[in-house]
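Below is one structure, written out as structure tokens; the observations come after it.
Coordinate-derived values only; no laboratory data. Note that this is a predicted model, so its numbers are computed, not measured. Backbone-built Cβ (ideal geometry, glycine too); neighbour counts: all protein chains shown.
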Amino acid sequence: MNIFIKNDIINIMNKQIYADRMEKIQKAMMKEGIDVYMAGPSANLYYLTGYDVDPDERMFLLVLPKNGEPLIVANLLYKGQAIALPVKKQVYWRDGDDPFVFLKSNISMLNIKMNTAALEPHIPSFISLPLQEVFNETRFLLGDSLTAPIRQVKDDNEIDLIRTACQKSDAALSTLIQRGSSWLGKTEIDFYKELSAEFSKNDMTSFGASVQVGENAYIPHYITGTAQIKKGACLLVDFWGRNNGYFTDCTRTFHFGEPSEEFKKVYAIVLEAHYAACEKARAGNTLEDVDIAARSIIKKYGYGDNFTHRTGHGIGIDIHEGDSVNTGVNVPITPGMVFSVEPGIYLNGRFGVRIENLVAIRENSTEVLHKFPMELQVIE
């Protein structure tokens, strides 16, 4: 069953999927000695209930005890949306009520223990602090240890949503690059706006991008500006967006006009590092193995100090989630993981090159989710 309500606020695929996810959290709670898990509007709430909405000043909480049924506590304003959620027990407070006293009263009536409570880490302080005041005998913890390991392993439906997001993003970038030299004289922000429009045409949300011309590509987390696209300069495009709640993230680096020998050399090194990292992105290896593979290639050619970030990150409902693909992260790669592979080299005052794809780990193989060509494209 699929239910889509205005702007995909609620996406209920199959109620049993959400019940299974909450049961996994409850098992982890029992193991860690946690009585209650609480989540407000966030990626974790979306993962557990299908409710995708931005937080506001009104308290909205999923209360999941380690034993028994979950509870939704929300303002009456949200009843029309929340009623479709896969949570039977729902109680509503009204404007003018004290929501925290209301919450405590309902938890008491349901005999839910509150010795130890884990909070979803994005609950704002104007919610979390009053919670701690009202439940002043409760020990509060961050709830990442409960949700992160479970969310890191995607099921086939989740991977399919990410795959579709990647296909749509590939198509959007291809449409723009096909315009070729018509981009000359236009700006980074012009490219950004056109790419955003293409994402919207494909029903993608949460678009973001870093569009970087020439020496601006030296800065890995550059904020798109007004630099002009010109001959003799590279164009690095790092862009992302969501398809039905799941992200894609991709980077390609192009060059307008014939590149220098140094640029071609650096591009070839980054591409070699990318392939080496993908070879290690297999079940049975570790995330550290992937990072070392990319870093070793770049270091071999003398550019080790110019690769200034991790090789990748997990992705899913959040653009960055789960463990990093980095040296020191000895986390085993397991089927169901999806993460980026994005080595880069950045030369101050000259240019930067980064090539990024998402990969999905299968039992006996690795699927590259992006199909946009990785070879250097020179736009005349």
- [ ] Whole Å is fine, so just give me how far the alpha carbon centre of segment 203-222 lies from that of segment 50-107.
- [x] 38
Open item on the list: What do you get for the angle between helix 261-280 and the principal long axis of the chain? Use alpha-carbon atoms, 0 to 90 degrees, nearest ten.
Closed with: 40
TODO: Please work out the FRET efficiency for the pair Glu23 and Lys299, using the Cβ-Cβ distance as r and a Förster radius of 45 Å; give the result to the nearest 0.05.
DONE: 0.50
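Dipole magnitude of segment 3-151 about its Cα centre, charges +1 at Lys/Arg Cβ and -1 at Asp/Glu Cβ only, in debye to the nearest 20?
Details: 16 positive and 17 negative charges, 112 e Å.
Once rounded to the nearest 20, the dipole reads 540 debye.
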Open item on the list: Under 5 Å between amide hydrogens, which residues at least 5 positions from Asp52 or on another chain qualify, with H placed 1.01 Å from N in the peptide plane?
Closed with: Ile10, Asn11
Open item on the list: Run the simple label-point estimate for Gln90 and Arg139 please: 7 Å along Cα→C-beta, distance reported in nm.
Closed with: 3.5
Task: Order by protection proxy (mean Cβ within 10 Å, highest first), peptides 69-79, 124-134 - done: 69-79, 124-134
- [ ] Would you kindly compute the Cα radius of gyration of the chain and its largest Cα-Cα separation (Dmax), both in Å?
- [x] 23.1, 73
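Residues with beta-carbon under 10 Å from that of Asp291, excluding Asp291: net charge, scoring Lys, Arg +1 and Asp, Glu -1? Mind showing how you got there, number by number?
Working: positive: Lys280, Arg295, Arg310; negative: Glu288, Asp289.
So the environment of Asp291 carries a net charge of +1.
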- [ ] Give me the angle, in degrees from 0 to 90, between the Cα long axis of helix 287-300 and the longest principal axis of the Cα atoms of the chain, rounded to the nearest 10.
- [x] 20
Open item on the list: Test of understanding: ordering Thr308, Thr116 by Cβ neighbours within 10 Å, fewest first, what list do you get?
Closed with: Thr308, Thr116
Task: Whole-Hz ³J(HN,Hα) from phi, Karplus 6.51 cos²θ - 1.76 cosθ + 1.60, for segment 77-84, glycine and proline x - done: 4, 9, 4, x, 8, 5, 4, 7
Open item on the list: Over the Cα atoms of segment 15-123, each weighted equally, I'd like the Debye log10 I(q)/I(0) at q = 0.20, 0.23 Å⁻¹, rounded to two decimals.
Closed with: -1.10, -1.47
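Let me check against my output: what whole-number percent is the relative contact order of segment 3-151, with C-alpha pairs under 8 Å and at least 6 apart? Walk me through the intermediate numbers first.
On the way: 235 pairs, mean separation 35.8, N = 149.
Over segment 3-151, the number comes to 24 percent.
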TODO: For Lys113, list the aspartates and glutamates whose Cα falls under 18 Å from its own Cα; do not include residues on the same chain fewer than 8 positions away.
DONE: Glu23, Glu32, Asp35, Glu69, Glu133, Glu137
TODO: With N denoting the number of residues in segment 153-379, provide Rg(C-alpha) divided by 2.2 N^0.38 Å, to two decimal places.
DONE: 0.96
